[in-house]
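Working notes, structure below.
The values are calculated or read from the model by the stated rules, or taken from the named source; none is laboratory data. What you are looking at is a predicted structure, and each value in this text was computed from that prediction instead of being measured. Here the Cβ positions follow ideal geometry from the backbone for every residue, glycine too, while neighbour counts run over all protein chains shown. Surface areas here come from the heavy atoms of the whole protein model, side chains and all, with no ligands, DNA or RNA. Shrake-Rupley method; radii C 1.70, N 1.55, O 1.52, S 1.80 Å.
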2 protein chains.
Amino acid sequence: MKALILFAHGARDPRWAAPFERLRDTIRARQSDLRVELAFLEFMTPALPEIAVAMATDGVTEITLVPVFLGQGGHVLRDLPLLLEEIHQQAPQLKISLQPAVGESESVVAAMADYCLAKTENA
Amino acid sequence: MKALILFAHGARDPRWAAPFERLRDTIRARQSDLRVELAFLEFMTPALPEIAVAMATDGVTEITLVPVFLGQGGHVLRDLPLLLEEIHQQAPQLKISLQPAVGESESVVAAMADYCLAKTENA
């Protein structure tokens with residue numbers, strides 16, 4: 001069984017999570033047979049190892065892991081491999097396919113450019 | 001004269017800036033008569049007040065300011081107003097139109113959902 005985890009930074013302000021929840025809900029609406037969950041690096045729950053191991057317990061065998069970060073800095077390049085190692089120790093049979101962060105997607109950059117230009121014209 | 005500032009977090013790792021530079025370059029390519037610059041909260045330069053005041057000195061009268069953040073947490077809701085006040089003290093004539101963060105855009109969320117689903121199918 002496959003699943004998708006959207007990995008985000010997290011923040012103290014609960015309003016911060018709204019776009020990530022909208023992203024999760026959009027994906028769920030488009031593909032209702034796919035289990036899609038958020039996971040956070042800090043300040044918010046669940047943590048990535050917690051939800052990944054819970055999925056494995058539920059019978060998930062393959063997880064697609066997408067960092068919902070625009071820039072790939074220390075959190076993606078340094079913290080994430082440590083979390084993956086932690087998951088591997090607890091659920092060694094689980095296959096995790098780590099994808100490039102959303103900011104690497106040309107279509108995401110194009111959508112942001114559209115948004116910025118629309119806001120500039122209307123300002 | 002109008003200009004656009006893309007306000008991002010910044011990070012220690014120089015690779016972090018790549019998607020923001022691609023966003024800036026995409027917007028410049030689409031609207032070559034618009035001055036478009038990046039600004040950062042921390043770790044990278046220029047800082048927001050620095051570039052905004054420099055633009056005012058260059059004759060810019062109106063700036064559209066787009067936070068290139070997915071979530072609107074403390075950085076956007078708390079730090080940004082302080083930076084805007086700092087700019088206002090140095091360049092009181094400058095009009096700044098602060099826009100919702102890119103993560104508030106439905107089309108950006110839709111592009112991220114497309115990306116995640118494509119990665120899930122190919123994984």
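Given the structure, is B:F7 under 21 Å from A:L117 (Cα atoms), of a type in the set (F, W, Y) and in a strand (DSSP E or B)?
Working: under 21 Å from A:L117 (Cα atoms): yes; of a type in the set (F, W, Y): yes; in a strand (DSSP E or B): yes.
Judged against the criteria, B:F7 is a match.
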Inset, instruction - Scan the stretch A:68-80 and give yes if some residue there is of a type in the set (A, V, I, L, M, F, W, C) and in a strand (DSSP E or B), otherwise no. - result: no
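Yes/no matrix, rows are residues, columns are (1) in contact with a Leu (Cβ under 9 Å, 6 or more places away or on another chain); (2) open to solvent by 10 Å² or more (accessible area, probe 1.4 Å):
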{"site": "A:E21", "(1), (2)": "yes, yes"}
{"site": "A:A29", "(1), (2)": "no, yes"}
{"site": "A:R35", "(1), (2)": "yes, yes"}
{"site": "A:A52", "(1), (2)": "yes, no"}
{"site": "A:E62", "(1), (2)": "yes, yes"}
{"site": "A:Q72", "(1), (2)": "no, yes"}
{"site": "A:E85", "(1), (2)": "no, yes"}
{"site": "A:H88", "(1), (2)": "yes, yes"}
{"site": "A:I96", "(1), (2)": "yes, yes"}
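Within the stretch B:52-61, does at least one residue satisfy the condition of being assigned to a loop (DSSP other than H, G, I, E, B) and touching a helix residue (DSSP H, G or I) at 6+ places or on another chain (Cβ under 7 Å)? If you could, list the steps in order and put the result at the bottom.
Here is the first cut: in the stretch B:52-61, the residues assigned to a loop (DSSP other than H, G, I, E, B) are B:58-61.
Subsequent filtering for residues that are touching a helix residue (DSSP H, G or I) at 6+ places or on another chain (Cβ under 7 Å) retains none.
Taking every residue of the stretch B:52-61 in turn, none turns out to be assigned to a loop (DSSP other than H, G, I, E, B) and touching a helix residue (DSSP H, G or I) at 6+ places or on another chain (Cβ under 7 Å).
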Legend entry - Subset of the stretch B:99-123 (residues that are crowded, with 17+ Cβ neighbours inside 10 Å and of a type in the set (A, V, I, L, M, F, W, C)): B:A101, B:V102, B:V108, B:V109, B:A110, B:A111, B:M112, B:A113, B:C116, B:L117, B:A123
Inset, instruction - Could you run through the stretch A:3-29 and say how many residues are touching an Asp or Glu at 6+ places or on another chain (Cβ under 9 Å) and among the charged types (D, E, K, R)? - result: 2
Legend entry - Single condition A:S97 does not satisfy, out of (1) of a type in the set (G, A, S); (2) farther than 21 Å from B:A29 by Cα; (3) at the interface with chain B (Cβ under 8 Å from one of its Cβ atoms); (4) assigned to a helix (DSSP H, G or I): (4)
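In the stretch A:37-50, which residues are more than 22 Å from A:Q93 (Cβ to Cβ) and crowded, with 16+ Cβ neighbours inside 10 Å?
A:L38, A:F40, A:L41, A:M44
Residue-wise test of (1) of a type in the set (K, R); (2) closer than 17 Å to B:A3 by Cβ; (3) within 9 Å of chain A (Cβ to nearest Cβ).
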residue: B:I51; (1), (2), (3): no, yes, no
residue: B:E62; (1), (2), (3): no, yes, yes
residue: B:A101; (1), (2), (3): no, no, yes
residue: B:E106; (1), (2), (3): no, no, yes
residue: B:A111; (1), (2), (3): no, no, yes
residue: B:L117; (1), (2), (3): no, no, yes
Legend entry - Selected residue (only one of A:F20, A:F43 is within 14 Å of the chain's Cα centre (by Cα) and hydrophobic (A, V, I, L, M, F, W, C)): A:F20
Legend entry - Unique residue being at positive phi and within 12 Å of another protein chain (Cβ to nearest Cβ) when the list is A:F69, A:F20, A:F7, A:F43: A:F43
